[in-house]
Protein chains: 2
Amino acid sequence: MALIVHKYGGTSMGSTERIKNVAKRVAKWHDAGHQIVVVPSAMSGETNRLLGLAKELNAQPDPRELDMIASTGEQVSVGLLALALQAIGKQAVSYAGWQVAIKTDSAHTKARIASIDDAKVKADLDAGKVVIITGFQGVDEKGNITTLGRGGSDTSAVAVAAALQAKECLIYTDVDGVYTTDPRVVTEARRLNTVTFEEMLEMASLGSKVLQIRSVEFAGNYRMPTRVLSSLTDPLMPLEEEATSGTLISFEEDTNMEQATITGIAFNRDEAKITVLCVPDRPGIAYQILGPVADANIEVDMIIQNQSVEGKTDFTFTVPRNEYAKAMQVLEGSVKEHIGATSIVGDSKVSKVSVVGVGMRSHVGIASQMFRTLSEEGINIQMISTSEIKISVLIDEKYMELAVRALHKAFELESA
Amino acid sequence: MALIVHKYGGTSMGSTERIKNVAKRVAKWHDAGHQIVVVPSAMSGETNRLLGLAKELNAQPDPRELDMIASTGEQVSVGLLALALQAIGKQAVSYAGWQVAIKTDSAHTKARIASIDDAKVKADLDAGKVVIITGFQGVDEKGNITTLGRGGSDTSAVAVAAALQAKECLIYTDVDGVYTTDPRVVTEARRLNTVTFEEMLEMASLGSKVLQIRSVEFAGNYRMPTRVLSSLTDPLMPLEEEATSGTLISFEEDTNMEQATITGIAFNRDEAKITVLCVPDRPGIAYQILGPVADANIEVDMIIQNQSVEGKTDFTFTVPRNEYAKAMQVLEGSVKEHIGATSIVGDSKVSKVSVVGVGMRSHVGIASQMFRTLSEEGINIQMISTSEIKISVLIDEKYMELAVRALHKAFELESA
């Protein structure tokens, strides 16, 4: 018997029929003697419907009012799930974020959780109730409703699990775990039984969008064992089987013997690169280039500046493809002349492919194996960037699938 | 310049286009220098949609969870209206019931307001903001969300107006005021410029469903001048004209010279009557009959018990027609034998027609005028019941329209 947190996404909560299935699954865990806290998302489509209404009324909506509106989607979900559980004989009680004091900062639409008061929840659990808490939302110091940003229900679930010192946080979703790479690109892709927190961070940020990245950070900060598993299985499947399915994000490096060298191949198709040519190599130049880009709210991913030659250097970075035009405009508009660059060149049809794995730390030769594999396929590497547990390369987007498949094979990821 | 509370119903909030019209109307009042608090209902259809989902999951839903779910409809409305006001240049802020501490008891789905903390609202108003507060909902002592029952937004608006000591509470609705009787029955029905609180109570409870009866009680308790007016007029019509339109529920009897004798003809088509024959005339008999009926949650309207003859009496009461079968079942099931009644008879096709007016207090002859009129039309009176300001009769439902028209004419209500 343990305290377990379940999180269900919008698809799992998408209709009353599906909500009944969630209730059955939760009841099964409760019947087995566990204390269960559930954090469901809004019914699929609901948040978009609400934000759509808001946009019709105001093109630049006040974030505080957006939170007021959007937070209702999760409130409906928790009430409905409580009713579904009660209908099958379980005691259940629902809470909005403010009712169990999920305190956040005041950054409306992207607030961060500061604290959770667990007294009420513990008392309900001890009384034998299933407790259902809204994801995605909290309340700031002044009593305003805040939301955590899209996908924030994952973060809420992990935060609640950490506050309650749960044994495990189960994230039920429409994929059945984390794979060595995207199965749609490589059919031989294999589901990982465990990944380390650091690997998951790299996988998530590199485009394997199984979990919201902040929820992984949260799990890491609190060392909360978090499992990603399928919500599409039979809700009455044997609990022992379900409890070991999916992929566990683990914080015990020693037990993670499965991955000898690398864990998976991550990729991001929609990148664009921009190079500022012949900029003077002096302190502050990177800030002078990227400051205005950041001010325009454009996310920057890879950044590379090579050794300078004769006091001049080339400065390259990547941005999401849909921000490319805006970024070029910002640079051409004011930055170029200001820093004295000769010209700015870009390419909006590049993709990033990364090899990820904690095993990489102690193994030489991963990089050379990666570069040889790409070379054998005739794929030119445009940029390279490395961290302790990953190596990323930027390539022409038309070779992306080919590169992922070749690397998956070269590192023998199809077999455990 | 004054503090005014506006209340808008679900139809007025039914689409983003209509919400924009509400915003224009509110802005007009604010532009004229008034402090404005708005209490909007959920968008029409929304509360039914939410309760429908709940019913699909649980045939006997927990009232606490129903409130959790249903209260979201109003929360969406306040946020959307704030955005619509901001879009036309007004400062506006929205609050859920718990955020401005609309404290209620814990009677979920039909809670009663205990207190409102006005500090936050006053500060916002003084800062020049339009304040928008959810109708229909509050929070109990333990921090649970409560709702006031269907139509509760009217009550919220009047309660907020009373707490803020507003000058007037304007209830915008899809009718343009209170009429001498239903214009669908009598085309000559005339809109009243003012009605007294007592008359309005009788009109509302007798089936002129312009306002929720509890909101009228609230207005009475706090002597809050409350005006019913149309939300279907041009939102930009001159403010002076709008401010005197509709019907004002007044608390100044002396100024109410308009109604010399009677104010209007109210009616309720869907009644059913039940008579328990030959019951012993002893203390406690009324309770023994009506106690089990009340326990079955059946509303009782008229109650008549006449002088007893030889220690026996007949006891008659009316119930809503759709509760008739249930009420008969309750009486036949246990009550009849227990009290020693000879038999129970009933008629589910009766209607109630009432003549209402504070002027009646000081005028003899109203009753005889009423009975003569009905007699001249050949309408048999089955039951009579009177209060200080109304006389009600129960008649065969097929004569209801005829009775209303004849009485409207007899009391010359078509002309002021």
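Rundown of residues vs (1) under 23 Å from B:ALA189 (Cβ atoms); (2) more than 26 Å from the chain's Cα centre (by Cα), yes/no style:
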| site | (1), (2) |
| --- | --- |
| B:GLU310 | no, yes |
| B:PHE317 | no, no |
| B:ASN322 | no, no |
| B:VAL355 | yes, no |
| B:GLU401 | yes, no |
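In region B:80-126, which residues are among the β-branched types (Val, Ile, Thr) and over 22 Å from the mean Cα position of the chain (by Cα)? Reasoning before the result, please.
Here is the first cut: in region B:80-126, the ones among the β-branched types (Val, Ile, Thr) are B:88, B:93, B:100, B:102, B:104, B:109, B:113, B:116, B:121.
Within region B:80-126, B:ILE88, B:VAL93, B:VAL100, B:VAL121 meet the criteria.
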Looking only at region B:132-163, which residues are away from chain A (no Cβ under 14 Å), touching a strand residue (DSSP E or B) at 6+ places or on another chain (Cβ under 6 Å) and surrounded by fewer than 24 Cβ atoms within 10 Å (Cβ to Cβ)? B:ALA163
Of B:VAL186, B:VAL131, B:VAL160, the only residue that is among the hydrophobic types (A, V, I, L, M, F, W, C), in contact (Cβ under 8 Å) with a residue 60 or more places away in the chain and within 30 Å of B:ALA406 (Cβ to Cβ) is B:VAL186
Taking region A:114-131 as the search range and keeping residues that are in a helix (DSSP H, G or I) and more than 14 Å from every other protein chain (Cβ to nearest Cβ), which one is nearest to B:VAL121 (Cα to Cα)? A:LYS122
With the first residue restricted to region B:104-125 and required to be in the same structural domain as B:ALA92 (by TED's automatic domain parsing) and under 19 Å from A:GLY143 (Cβ atoms), and the second required to be assigned to a loop (DSSP other than H, G, I, E, B) and among the acidic types (Asp, Glu), Cβ contacts under 6 Å at 6 or more apart or on different chains are B:THR104/B:ASP140
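Does B:THR318 satisfy the criteria of being modelled with pLDDT of 80 or more, more than 21 Å from B:ILE384 (Cα to Cα) and among the hydroxyl-bearing types (Ser, Thr, Tyr)?
Details: modelled with pLDDT of 80 or more: yes; more than 21 Å from B:ILE384 (Cα to Cα): no; among the hydroxyl-bearing types (Ser, Thr, Tyr): yes.
It is false that B:THR318 is modelled with pLDDT of 80 or more, more than 21 Å from B:ILE384 (Cα to Cα) and among the hydroxyl-bearing types (Ser, Thr, Tyr).
Considering each of B:ASP314, B:ASP281 in turn, give the residue that is under 17 Å from B:VAL335 (Cβ atoms), touching a Cys at 6+ places or on another chain (Cβ under 9 Å), in the same structural domain as B:GLU332 (by TED's automatic domain parsing) and not small (Gly, Ala, Ser).
Numbers: B:ASP281 fails: touching a Cys at 6+ places or on another chain (Cβ under 9 Å).
So the residue among B:ASP314, B:ASP281 that is under 17 Å from B:VAL335 (Cβ atoms), touching a Cys at 6+ places or on another chain (Cβ under 9 Å), in the same structural domain as B:GLU332 (by TED's automatic domain parsing) and not small (Gly, Ala, Ser) is B:ASP314.
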Members of region A:140-166 found to be more than 20 Å from the chain's Cα centre (by Cα) and farther than 22 Å from B:ALA96 by Cβ, listed by number: A:ALA163, A:LEU164, A:GLN165, A:ALA166
Residue among B:ALA96, B:ALA107, B:ALA111 that alone is under 23 Å from A:GLY97 (Cα atoms) and within 11 Å of chain A (Cβ to nearest Cβ): B:ALA96
Residues being more than 26 Å from the chain's Cα centre (by Cα), surrounded by 21 or more Cβ atoms within 10 Å (Cβ to Cβ) and not hydrophobic (A, V, I, L, M, F, W, C): count how many of those fall in region B:35-57. 1
Members of region B:92-112 found to be buried (at least 24 other Cβ atoms within 10 Å of the Cβ) and more than 24 Å from B:VAL26 (Cα to Cα), listed by number: B:THR104, B:ALA111
Can you tell me which residue is surrounded by the most Cβ atoms within 10 Å (Cβ to Cβ) among those in region B:66-83 that are facing chain A (nearest Cβ under 8 Å), over 18 Å from A:ALA54 (Cβ atoms) and among the hydrophobic types (A, V, I, L, M, F, W, C)? B:MET68
Against the conditions (1) under 18 Å from B:ILE384 (Cβ atoms); (2) modelled with pLDDT under 90; (3) charged (D, E, K, R), where does B:GLU332 fall short? Just the number, please. (1)
Take the residues of region B:23-65 that are within 11 Å of chain A (Cβ to nearest Cβ), in contact (Cβ under 8 Å) with a residue 60 or more places away in the chain and of a type in the set (A, V, I, L, M): which is nearest to B:GLU168 (Cα to Cα)? B:ALA23
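The values are calculated or read from the model by the stated rules, or taken from the named source; none is laboratory data. Here the structure is a predicted model, which is why all the values come from computation and not from measurement. Positions of Cβ are generated from backbone atoms using ideal geometry, with glycine treated the same way; all protein chains shown enter the neighbour counts.
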